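Below is one structure, written out as structure tokens; comments come after it.
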Amino acid sequence: MDWGNWVSGERSVANDGQEAVSSFASRVVRWQQRHGRHDLPWQTGDDAYRVWLSEIMLQQTQVATVIPYFTRFVARFPDVQSLADTSEDAVLALWSGLGYYGRARNLHAAAAAIVAQHGGRFPDTQKELAALPGIGRSTAAAIAALAFGRRCAILDGNVKRVLARHAGIEGWPGLRAVETALWQLAEAHVPSREVRAYTQGLMDLGALVCTRQRPACDTCPLQADCVARKTGRSAELPAPRPRRTLPEKSVAMLLLRDRGELMLEKRPARGVWGGLWSLPELDPDADASAHCHARYGFEVRALRALPALNHAFTHFRLRIQPLELHLAPRGTTPPGQIWLAPKDALDAALPAPVRALLVGLGDA
């Protein structure tokens with residue numbers, strides 16, 4: 001397709017010589033005003049803090065999952081100053097279970113940067129926003145558009161799907177050439193007015209109408225000139241990620257118990273579950289009792305294997321074998337470890353499978 005001809009053909013020119021809103025954008029705006037989402041907890045005017053927080057939480061996460069986390073988060077940290085003033089551990093504890101914990105660490109770092117570099121006021125341009133930790137091109141554009149009405153193009157997963165189907169763009173959006181074509185479309189469509197409604201409308205269309213499975217094409221405001229609908233290819237576009245077999249890894253997790261408490265240890269700041277409190281890990285074929293004695297100086301008086309569980313990451317699958325070890329009275333706690341009652345441990349920033357394990361103990 002000739003993208004230049006397509007863009008010039010899609011837009012109209014007003015009588016005064018100023019570029020008018022494209023047919024595409026005006027249909028999205030009208031649909032959003034009538035049928036879009038208007039009562040999400042972060043849709044409270046132009047509060048940049050709430051918009052930013054929601055956009056970070058919504059990265060790779062569904063709205064229904066985000067809402068309770070968002071509500072708890074703003075109740076604890078109502079503004080960027082309170083977020084910057086707290087500890088990373090406190091942020092991770094509230095984030096626990098939401099996954100992709102790098103988002104939480106970047107959120108905390110960005111809050112500190114906003115306070116230190118911008119006096120606690122959100123920068124209002126896409127360029128300045130994108131310079132903050134954890135904010136990429138599309139997220140910066142969404143914040144700039146929704147909070148400040150800036151004319152910026154977004155391109156999240158929902159928007160990629162809408163644009164790919166409407167224009168009939170082939171290929172997986174993760175490929176550079178395909179993504180470049182989608183960015184060109186996204187930028188060409190942004191209207192000069194009603195930017196907030198247009199931006200929200202694109203996201204709503206992808207979430208409510210132009211869904212991955214069984215899109216509701218009959219109710220879509222773009223159906224008249226949608227290439228995927230005309231050619232019966234809504235199920236094929238956009239092309240899915242090429243299938244691959246995920247590698248599998250195994251690990252033993254040690255529930256070290258003594259006098260009604262269990263031991264947690266802080267994970268490194270980078271890597272899987274970075275910065276969270278977790279259970280000590282061990283090769284599943286290793287001798288857990290010998291490891292406890294050699295690593296911590298603990299003597300084990302009883303050991304039992306609990307039912308295994310599986311946890312899926314983006315790039316691999318993890319099989320976890322929990323081992324419950326009751327210790328002789330422990331000695332000195334090594335640095336980086338804490339002892340807590342299981343029910344108190346649930347207040348810490350825990351990986352989801354560790355939280356599930358502790359709940360399953362029955363005394364958490």
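Read the figures in this text as sums done on the coordinates, not as results from a lab. A quick note: this is a predicted structure, and the numbers were derived from the prediction, not measured. Don't worry about glycine lacking a Cβ; one is built from the backbone with ideal geometry, like all the others, and counts go over all protein chains shown.
The angle separating the long axis of helix 63-76 from the principal Cα axis of greatest extent in the chain is about 70 degrees. Within the listed set Pro215, Pro342, Pro240, the residue fluctuating most in the Gaussian network model of the chain (springs between alpha-carbon atoms under 10 angstrom) is Pro240. Net charge dipole, the range 134-235: roughly 80 debye, given to the nearest 20, about the Cα centre with Cβ charges of +1 for Lys and Arg and -1 for Asp and Glu. Considering all C-alpha pairs of the range 274-325, those separated by over 17 Å amount to 45%. Sorted ascending by nearby beta carbons within 10 Å, beginning with the fewest, Phe24, Phe122 become Phe122, Phe24.
Each principal axis of the range 248-360 carries a Cα extent, and these read 40, 30, 26 Å when sorted largest first.
Against the chain, whose longest principal axis comes from its Cα atoms, helix 23-35 is set at around 60 degrees. Over the chain, with a Gaussian network built from C-alpha contacts below 10 Å, which listed residue (Trp95, Trp339, Trp52) shows the highest mean-square fluctuation? Checking each option, the largest mean-square fluctuation is seen for Trp339. In µm²/s, what is D for the range 78-150 at 25 °C and 0.890 mPa s, where D = kT/(6 pi eta Rh) by Stokes-Einstein and Rh is the Kirkwood radius from Cα pairs? In µm²/s, the coefficient rounds to 194.
About its Cα centre, the dipole of the chain is roughly 680 debye, where the only charges are +1 on Lys and Arg Cβ and -1 on Asp and Glu Cβ. Counting only lysines at least 8 places from Lys249 when in the same chain, those with an alpha carbon closer than 27 Å to its own are Lys266.
Helix 195-204 axis versus longest C-alpha principal axis of the chain: approximately 60°, rounded to the nearest ten. Using the charge dipole of the range 55-204 (Lys, Arg: +1 at Cβ; Asp, Glu: -1 at Cβ; taken about the Cα centre), state which of Ala104, Cys152, Leu83 has its Cα farthest towards the positive end. Value computed over the given set: Cys152.
Taking every Cα-Cα distance in the range 72-222 and sorting them into 10 Å bins from zero, the calculated P(r) comes out as 11, 32, 33, 20, 4 percent.
Straight-line reach from Lys230: taking Cα to Cα under 24 Å and skipping same-chain neighbours fewer than 8 places apart, the lysines in range are Lys160. With the dipole of the chain worked out from charges on the C-beta (+1 for Lys and Arg, -1 for Asp and Glu) around the Cα centre, which of Gly297, Leu185, Gly134 lies farthest toward the positive end? It is Leu185.
Beta bridges from DSSP with both residues in the chain: antiparallel share about 65 percent, rounded to the nearest 5.
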